[in-house]
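Chemist: So that we are looking at the same thing, I have put the structure below in structure tokens.
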């Protein structure tokens, strides 16, 4: 069985993330979306548990996708779960420059391979941080973030 992990903070999940999850799910038997961060540390708009629930709610149409979280080294998770592949979405060369050293270190530490997937061009400028800022100031991110996630963001900022 081929298993891949899509790690990230996903605070919150965007349609760009969902595009990567769906495309990964077409190529692997099992895909785990791994919300990374320390669950005991409050940072970000949503808690780890809230992020997991938001992701679960918007991925019910992907039967081979599960959601988990991890607060330690990513390679410790992949080793513990016998996972050999990480999936990382890239929006631009800036993402590549950021992700490459981590991919190389992860491979050195555990042998896990990182597969880079280019983001659909319609989501190339979308980031969780930017979407949060737009919603915080009353802007509209329809089409960039699932509607249920927009509603959750608005509730947080109310």
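Chemist: Return the Cα extents of the range 98-137 along principal axes one, two and three, sorted largest first, each rounded to a whole Å.
Modeler: The Cα atoms of the range 98-137 stretch 43, 21, 12 Å along their principal axes.
Chemist: Given C-alpha coordinates of the range 25-100, what is the ratio Rg to Rh with the Kirkwood estimate of Rh?
Modeler: 0.97
Chemist: OK, next. Quick check: the angle from helix 15-25's long axis to the longest principal axis of the chain, C-alpha only, nearest 10 degrees?
Modeler: Between the helix axis and the principal axis of the chain, the angle is about 30 degrees.
Chemist: Moving on to the next point. How much length would be gained if the chain were fully extended between residue 100 and residue 130, taking 0.36 nm per residue of separation minus their Cα-Cα distance, in nm to one decimal?
Modeler: 8.5 nm
Chemist: Modelled label-to-label distance, residue 26 and residue 155, 7 Å Cα→beta-carbon offset: nm?
Modeler: 3.3 nm
Chemist: With a cut-off of 8 Å between alpha carbons and a minimum separation of six or more residues, what is the relative contact order of the chain in percent?
Modeler: For the chain, the relative contact order is 28 percent.
Chemist: Next question. Please report the Cα spread of the chain along all three principal axes, rounded to whole Å, starting with the longest.
Modeler: Projected onto the principal axes, the Cα atoms of the chain cover 45, 34, 30 Å.
Chemist: Still on this structure, please answer the following. Would you give the gap between the C-alpha center of the range 104-142 and the C-alpha center of the range 24-91, rounded to a whole Å?
Modeler: 13 Å
Chemist: Separate question: Any idea what angle helix 147-157 forms with the longest principal axis of the chain, computed on alpha-carbon atoms, 0 to 90 degrees, nearest 10?
Modeler: 70 degrees
Just so you know, all these numbers are worked out from the coordinates, no wet-lab data involved. Quantities reported herein were computed from a predicted structural model and do not represent experimental measurements. As a convention, Cβ positions derive from the backbone with ideal geometry for all residues, glycine included, and neighbour counts pool all protein chains shown.
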